[in-house]
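Below you'll find the structure, written out as structure tokens, and then a few comments.
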Amino acid sequence: MKITKEELNLEQGLTKEWLITNGIGGYASSTIIGANTRKYHGLLIAPLNPPANRNVILSKLDEAIEIRGKKYDLYTNIGKTYISHGYEYQEEFEKKYLPVFRYKVQGVEIEKTICMEYEKNTVGVLYKIKNGKYRAKLTLAPIMNFRDFHTMNTAHNYQLRQIINENKVKLIIDNKSQIPIYINLSEGKYIPHEHDIFKNMFYVEEEKRGFYPEEDHIVPGVYEVELKANEEKSISFVCSLEENIDEIDVQDLIDREVYRLEKSFKETGLIEEKDKKTKQEKNKEELIKEYLTAIDNFIVYRPSFRLHTIIAGYPWFLDWGRDSLIAFEGLLLKTKKYDIAREVLLTMVRDVKYGLVPNGYSGFDSRPLYNSVDASLLLFEEIQKYIEYTKDYKFVKDNLYKKMEDIIDNYVVGNNFDNNNIYLDKDGLISAGTEDTQNTWMDAKYDGKAVTPRNGKAVEINAMWYNANMIMASLTLKIGDLLKIKKYKDLAKKCKEAFEETFYNEKEKCLYDVLGDEKIRPNQLFALSLTYPIIEPNSEIAQNIIKTVEKKLLNNYGLKTLAKGEEGYVEIYEGTPYKRDTSYHQGITWPWLLGLYYNSLINMEKAEKDEDKKELLNDKIEKFKNKTYKTFKKELEENGCIGSISELYDSTKPQLPKGAIAQAWSIAEIFRICDF
């Protein structure tokens, strides 16, 4: 994925971003021209309680080169009243596994590669320099901070302490924590600055989001490197919370990271092993690698659990139960990461309480949060998928089965823990939530008020409840717990009968989103897309649901969360927190929902008995897959965060990527649909 000089104008440069991660929740991210446009941007965002409590440590590294007495700034920074023009010297940006920046000025060529050390809070920057015919001097200025990445330092009077040992410098910036930061350059000299503050760095994206956009950073000093005429050399810069950085060779760091990724690619079995490949095969292989690199970003280790988990999205999300489970098949099963899949399932059930899988964990103290009715039910579907891929009933029986029983029993008895208000009604349907409790995936709240109150009997919750009980009936048969089969089948049967009687909206030819709510939303596809669809996939009702969804919700980038014309419909995601929160699930397009549509078509094709209709469905599925392939190949390589897929999209042209710049379930579901 290369972006050449012709495309590296300011407008393009500020809207395209990149991301790399370190496997424990830390990351580095900025724009393709190196200008930070978010308070979340930086070269070292380090989790102090992995993967949580992320802090901005190294905001950026500004380079300049002096040739024959004239200084050329290679960096691009934004202030309220200025933009520096380093991007004008940038020849290329490339993102394969790592971000690479190439510059050319007055005959001097500089290539910069950024790499994080896996499972360490360490970032390395490698400069490969080909000097021109004159002596030159390269200066590197680390622009630093130490603050929670959700906050900002404004008009901050930093009390910097630094201990200098030649080029290795120990810095104390945060006087409360006293946590040291270490920086080092492989050669040249370090010149300390006592009170050098980078004032008012301006974050364009924060202003768009309705937040205060300016911040102060500290510049503890600069590194200077003399370059001889026609000299070629490599220079390594390292910033870390680890002390032993003296011997880090950044080229070695890069080589190890590339090796780790390529080894993981081969283990998936998706990369064909043969000597000669056609151009088409090579292009497909490169795209698979792009997806697998993106997938790697979301798989992180929680040291306190000694288990892996899935980050929901960057920059601001942690691991959420709901998101992890929706992304589970695409990230871990399609890629044959079965060992990690087992760990993620263990993470999901580790803190089940009153039958509730945690919706997430606090970013400050890792306390489990239980505001979810669907995470527990999603667990059954993903355990079923795990079994389909691995046939590993023993793991399920030994580690998960009792938790699954516990979930069903608690939903039958009912619980109001954390105000979830979950109970099984007399008609066999699950009811959950209150007007003030958001515990489905449409969970936006503003100032304590639910934007999309879906309390009561929600369509996807009851589809998942039926599916969970059918899975349990099948599982009890397989593992020999025969006395309980009838219990689960009876629960499923009663739910299905009530569902068929009450959820079909004859007027709109689709399903009610919540009983009593006629708004047309995509959640109804859960009734067709699970292992055990509660609506028969070969029924007329199923065909009507699909037609309504296709007509009113489906587009190339996903499904809209509300049909156009409905009260409260919004098609552009922008503005203040209030404006964004109140539009989040009110018509904005979400890519992950394409997975529900895809599964629904697959189930309909499997159930179809008429060969002609089956062939038509097959053709429809293939066309859908090809369109999705082409749409998101372009997104992955050209738009938004280069090498990933955004959380959501506007629902009107040009359908710009919005929300989190890289989202786990977006990548997972699109990768799964492409079916490499």
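All of the numbers you see were taken from the coordinates with simple rules; none came from a lab. On a predicted model such as this, the values are computed, not experimentally measured, just so you know. Note that we place each Cβ from the backbone using ideal geometry, even for glycine, and neighbour counts take in every protein chain shown.
Ranking request for peptides 478-490, 454-466: highest mean number of other beta-carbon atoms within 10 Å first, then the rest in descending order. Could the numbers behind the result be given before it?
Details: 478-490: 13.5, 454-466: 25.6.
Highest to lowest by the protection proxy: 454-466, 478-490.
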- [ ] For K493, list the lysines whose Cα falls under 16 Å from its own Cα; do not include residues on the same chain fewer than 8 positions away.
- [x] K426, K484
Task: Inter-label distance, nm, simple model (7 Å from Cα along the C-beta direction), D339/Y134 - done: 5.5 nm
Open item on the list: Can you pull out the chymotrypsin sites (Phe, Trp or Tyr not before Pro) in the stretch 348-399 whose DSSP state is coil and whose Cβ has at most 13 other Cβ atoms within 10 Å?
Closed with: F364
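Which loop-located trypsin sites (Lys or Arg not before Pro) does the stretch 138-181 contain, where loop means any DSSP state but H, G, I, E or B and the Cβ has at most 10 other Cβ atoms within 10 Å?
Values: sites: R147, R161, K168, K170, K176; in loops: K176.
The qualifying sites are K176.
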Open item on the list: Let me check against my output: what whole-number percent is the relative contact order of the stretch 507-615, with C-alpha pairs under 8 Å and at least 6 apart?
Closed with: 27 percent
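Classify the stretch 2-263: rounded, prolate or oblate, from the alpha-carbon gyration tensor (a ≥ b ≥ c, eigenvalue square roots; a/c under 1.5 rounded; otherwise prolate if a/b is larger than b/c)? Before the final figure, lay out the partial values.
Numbers: a/c = 1.25, a/b = 1.16, b/c = 1.07.
Taking the square roots of the gyration eigenvalues as a ≥ b ≥ c, the stretch 2-263 is rounded.
What's the ranking of 524-534, 71-81, 211-221 by average number of surrounding C-beta atoms within 10 Å, highest first? Present the calculation step by step, with values, prior to reporting the outcome.
On the way: 524-534: 25.3, 71-81: 16.7, 211-221: 19.5.
Most protected by this proxy first, the peptides run 524-534, 211-221, 71-81.
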Task: Mean separation of Cα contacts under 8 Å, 6 or more apart, over the residue count of the chain: relative contact order % - done: 11 percent
- [ ] Pull up the cross-link candidates among the lysines for K445, meaning alpha carbon to alpha carbon under 18 Å and not fewer than 8 places away within one chain.
- [x] K579
Task: Ranked list, fewest to most other Cβ atoms within 10 Å of each Cβ, for H308, H193 - done: H193, H308
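Take the alpha carbon gyration tensor of the stretch 279-674, find the square roots of its eigenvalues, order them as a ≥ b ≥ c, and report rounded if a/c is under 1.5; if not, report prolate when a/b exceeds b/c, else oblate. Write out the running numbers ahead of the final one.
Working: a/c = 1.19, a/b = 1.12, b/c = 1.06.
Cα axes put the stretch 279-674 in the rounded bin.
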Task: Two-site label geometry, Y212 and K426: point separation in nm, points 7 Å out along Cα→Cβ - done: 5.7 nm
- [ ] Determine the gain in length on full extension of the stretch L369-T434; use 0.36 nm per residue of separation and subtract their C-alpha separation, reporting nm with one decimal.
- [x] 21.7 nm
Open item on the list: Let me understand the stretch 28-159 better: what is its radius of gyration from the alpha carbons, and its Dmax, in angstrom?
Closed with: 15.8, 49
Open item on the list: Using Cβ counts within 10 Å as a stand-in for footprinting exposure, how do H150, H41 rank, fewest first?
Closed with: H150, H41
TODO: Report the calculated FRET efficiency for K70 and T15 (r = Cβ-Cβ distance, R0 = 25 Å), to the nearest 0.05.
DONE: 0.20
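How much length is gained on full extension from R256 to Q159, taking 0.36 nm per residue of separation minus their Cα-Cα distance?
Values: separation 97, 0.36 × 97 = 34.92 nm, distance 3.68 nm.
The span from R256 to Q159 would gain 31.2 nm if fully extended.
On a full-extension model of 0.36 nm per residue, what is the gain between E518 and D392, subtracting their alpha-carbon distance, rounded to one decimal in nm? Numbers along the way, then the final one.
Values: separation 126, 0.36 × 126 = 45.36 nm, distance 4.18 nm.
The E518-D392 span can extend by a further 41.2 nm.
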Task: 222 nm mean residue ellipticity, helices alone, for the chain (DSSP H n ≥ 4; -39,500 (n - 2.57); rounded to 500) - done: -10500 deg cm²/dmol
Task: Two-site FRET efficiency, R350 against Y446, from Cβ-Cβ distance with R₀ of 35 Å, rounded to 0.05 - done: 0.65
Task: For the stretch 95-159, with +1 on Lys and Arg beta carbons and -1 on Asp and Glu, the positive-most of Y134, V105, T151 along the dipole - done: Y134
Open item on the list: Going through the cross-link list K279/K385; K279/K627; K95/K233; K353/K449; K494/K625, which pairs have a Cα-Cα distance over 29 Å in this structure?
Closed with: K279/K385; K494/K625
Open item on the list: Ranking request for peptides 87-98, 654-665: highest mean number of other beta-carbon atoms within 10 Å first, then the rest in descending order.
Closed with: 654-665, 87-98
TODO: Go through (1) 30.9; (2) 38.0; (3) 28.5 and flag the label whose value is the computed mean projected area of the Cα convex hull in nm² for this structure.
DONE: (1)
Task: Simple Cβ-charge dipole of the chain, Lys/Arg +1 and Asp/Glu -1, about Cα centre, in debye nearest 20 - done: 560 debye
